[in-house]
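Chemist: This structure is in structure tokens; I'll ask about it shortly.
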Amino acid sequence: MDSRLKNQAVAVAVIMVLLIVTVMVVTNMTQKKNNNKDAAKDQEQEQMPVIEAEEGEYGLDPKKDPYAFLQDEDFFEPEKEYAQPEITLSLLVSSVEKDMRVNVVNGRGELVADHPFSVKVTDANGKVRNYKDADQDGSIYIAPVEPGEYQVSLVETEGFLLAEEQVPVSVKEQLDYTVIDDISFLIKSVDEINEAEEDTAINAAELEADGTEINRPLEQDALFGIDVSKHNNKIDWESVKAAGVDFVIIRCGYRGSKSGYLVEDPRFQENIEGAEAAGLKVGIYFFTQATTEVEAVEEASMVLTLCRDYKLALPIFIDTEGAGGNGRADRLDKETRTKVCRAFCQTIDNNGFHAGVYASKSWFENNLDATQFDNYYIWLAQYSRQATYGRHYDLWQYTSSGTVDGITTRVDLDMCYTNF
């Protein structure tokens, strides 16, 4: 290598060494500077005063409990209390005969219960009487009331608004056997009552059976049918129709033997829709415990309310029989019981349906004046091979021990001699 190249190589090596030394010096100075800054910062923080937590506050010192604020009742904005919206109330007022029923309903037309509502009743002379909903069921029944024109208003109750100040009502002198429009508010389900105390009809015909009845259609020239209620459980209506059954009379409800509540049979809708779908002719019966004509109109109104959407080929019957001796209607005299049945039937008849009376042979003969029912259909209950009732009848229930395909229980069997 010549001297010139050798000198150049030495110069490059010296330059490289100087660069490396320079980088190392700069790096070392930078790191030392940063360390000095960090040390100064730590010293500054150590010299900062600690914020002591006062009552109702929390400190910002990270060495303290970071969740201390949760114990501060004033840290979070308190929840706002919103007033419950007031419910608007209306009154539905009706009269059957020298009485008045006032129903307190909400905007959806439902009875408003569990509140001690009071109403003011003002007569034509300005005289005011107050009446209270003692049992808090949303309905106030007032009787007797002198016939005439009245204004009814609800006494102001906290938490409720009134849709109107006064509602007019005409109290009737006599029954006119028309449907009570607001009767649906008096209808209860079985979940609201004690069935063991209320559904207590006693089948007198069964007690008087002579043991000669048979489990098949008795006469070829009559329609063969059955009558059912919730006691017959779920029914296969297609199988019933295939078994040769022409018609069915379905219980839609009853009045409670003890309380007098109007109760819908829990299988009524299921039964009537199933029977209609299977092509059976349908009739209705209602077990009465009415003690007055007014209550009979209530019962008829309930039936018509429940049946308004169905086409009935057979009559609507009032089922009058005992309730074990302790029923509210068991001790009615013959005249009153006859008036009850007539009031029911006339209300049904006035609304365009066939009406009839169901009773046992002994009941027709001893507890009713059957001569008063000539304008209505008669459904006789006598469990025998041959009926011996001396008056006219349109249907005959001849046994309660029948069997029919599609029904798992014993069932009442009937013959119908009228072509509906």
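The values are calculated or read from the model by the stated rules, or taken from the named source; none is laboratory data. Note that the coordinates shown come from a computational prediction; the quantities given were computed from them, not determined experimentally. Don't worry about glycine lacking a Cβ; one is built from the backbone with ideal geometry, like all the others, and counts go over all protein chains shown. Areas reflect the complete protein model, heavy atoms only, side chains present, ligands, DNA and RNA absent. Shrake-Rupley method; radii C 1.70, N 1.55, O 1.52, S 1.80 Å.
Chemist: Condition check: under 23 Å from the mean Cα position of the chain (by Cα), at pLDDT 95 or above, crowded, with 24+ Cβ neighbours inside 10 Å and within 29 Å of residue 324 (Cα to Cα). Does residue 289 satisfy that? If you could, list the steps in order and put the result at the bottom.
Modeler: On the way: under 23 Å from the mean Cα position of the chain (by Cα): yes; at pLDDT 95 or above: yes; crowded, with 24+ Cβ neighbours inside 10 Å: yes; within 29 Å of residue 324 (Cα to Cα): yes.
So residue 289 passes the test.
Chemist: Any residue that is under 26 Å from residue 207 (Cβ atoms), without any contact (Cβ under 8 Å) to a residue 40 or more places away in the chain and out of contact with any Phe, Trp or Tyr (no Cβ under 9 Å at 6 or more places or on another chain) - is there at least one of those in segment 247-257?
Modeler: No: zero hits.
Chemist: Would you call residue 380 crowded, with 24+ Cβ neighbours inside 10 Å, assigned to a loop (DSSP other than H, G, I, E, B) and of a type outside the set (Phe, Trp, Tyr)?
Modeler: Details: crowded, with 24+ Cβ neighbours inside 10 Å: yes; assigned to a loop (DSSP other than H, G, I, E, B): no; of a type outside the set (Phe, Trp, Tyr): yes.
The answer is no for residue 380.
Chemist: Do any residues in segment 130-149 that are farther than 16 Å from residue 91 by Cα have Cβ atoms under 7 Å from those of residues that are surrounded by 13 or more Cβ atoms within 10 Å (Cβ to Cβ) and modelled with pLDDT under 90, where the two are at least six apart or on different chains, and which pairs are they?
Modeler: Here the result reads 147/172, each pair linking segment 130-149 to a residue that is surrounded by 13 or more Cβ atoms within 10 Å (Cβ to Cβ) and modelled with pLDDT under 90.
Chemist: Further question: Going through segment 292-303 one residue at a time, which ones are open to solvent by 10 Å² or more (accessible area, probe 1.4 Å) and in contact with a strand residue (DSSP E or B) (Cβ under 8 Å, 6 or more places away or on another chain)? First the steps, then the outcome.
Modeler: Here is the first cut: in segment 292-303, the ones open to solvent by 10 Å² or more (accessible area, probe 1.4 Å) are 292-295, 298.
Within segment 292-303, 295, 298 meet the criteria.
Chemist: Out of the residues in segment 405-418 that are touching a Leu at 6+ places or on another chain (Cβ under 8 Å) and either part of a loop (DSSP other than H, G, I, E, B) or of a type outside the set (A, V, I, L, M, F, W, C) (or both), state the one that is most open to solvent (accessible area, probe 1.4 Å).
Modeler: Filtering segment 405-418 down to residues touching a Leu at 6+ places or on another chain (Cβ under 8 Å) leaves 414-418.
Checking the rest, the ones that are also either part of a loop (DSSP other than H, G, I, E, B) or of a type outside the set (A, V, I, L, M, F, W, C) (or both) come to 414, 417-418.
Numbers: 414: 0, 417: 83, 418: 36 Å².
Applying the filter and picking the extreme gives 417.
Chemist: Okay, next question. Quick one: which of 368, 395 is open to solvent by less than 10 Å² (accessible area, probe 1.4 Å) and either touching a His at 6+ places or on another chain (Cβ under 7 Å) or closer than 21 Å to residue 247 by Cα (or both)? Spell out the reasoning first.
Modeler: Values: 368 fails: either touching a His at 6+ places or on another chain (Cβ under 7 Å) or closer than 21 Å to residue 247 by Cα (or both).
Answer to the check: 395.
Chemist: Cβ-Cβ under 7 Å, sequence separation 6+ or interchain: first residue in segment 278-294 and at positive phi, partner at pLDDT 95 or above. Which pairs?
Modeler: 279/241
Chemist: If you take the residues in segment 206-252 that are open to solvent by 60 Å² or more (accessible area, probe 1.4 Å) and in a helix (DSSP H, G or I), which one is nearest to residue 416 (Cα to Cα)? Show your work before the answer.
Modeler: Narrowing segment 206-252 to residues open to solvent by 60 Å² or more (accessible area, probe 1.4 Å): 206-208, 210-211, 215-216, 219-221, 231, 233-234, 236, 238, 241-242.
From the residues that got through so far, the ones that are in a helix (DSSP H, G or I) too are 206-207, 231, 238, 241-242.
Details: 206: 19, 207: 23, 231: 23, 238: 21, 241: 16, 242: 19 Å.
The residue in question is 241.
Chemist: Then there is this: Applying the selection to segment 274-286, what residues are more than 23 Å from the chain's Cα centre (by Cα) and either closer than 12 Å to residue 341 by Cα or open to solvent by less than 30 Å² (accessible area, probe 1.4 Å) (or both)?
Modeler: Taking segment 274-286 as the starting set, the residues that turn out to be more than 23 Å from the chain's Cα centre (by Cα) are 275-283.
Selection gives 275, 278, 280, 282, 283.
Chemist: Residues of segment 138-183 being farther than 15 Å from residue 112 by Cβ and polar (S, T, N, Q), which ones?
Modeler: Of everything in segment 138-183, those that are farther than 15 Å from residue 112 by Cβ and polar (S, T, N, Q) turn out to be 151, 153, 166, 170, 174, 178.
Chemist: Also, quick follow-up: Please enumerate the residues belonging to segment 216-235 that are of a type in the set (Lys, Arg) and more than 26 Å from the chain's Cα centre (by Cα). First the steps, then the outcome.
Modeler: We begin by selecting, within segment 216-235, every residue of a type in the set (Lys, Arg); these are 216, 230, 234.
Result: 216, single match.
Chemist: So, one more: Please give the number of the condition residue 185 fails out of (1) open to solvent by 60 Å² or more (accessible area, probe 1.4 Å); (2) assigned to a helix (DSSP H, G or I).
Modeler: Failing condition for residue 185: (1).
Chemist: Do we find a residue being closer than 28 Å to residue 307 by Cβ, surrounded by fewer than 17 Cβ atoms within 10 Å (Cβ to Cβ) and more than 27 Å from the chain's Cα centre (by Cα) anywhere in segment 132-147?
Modeler: yes
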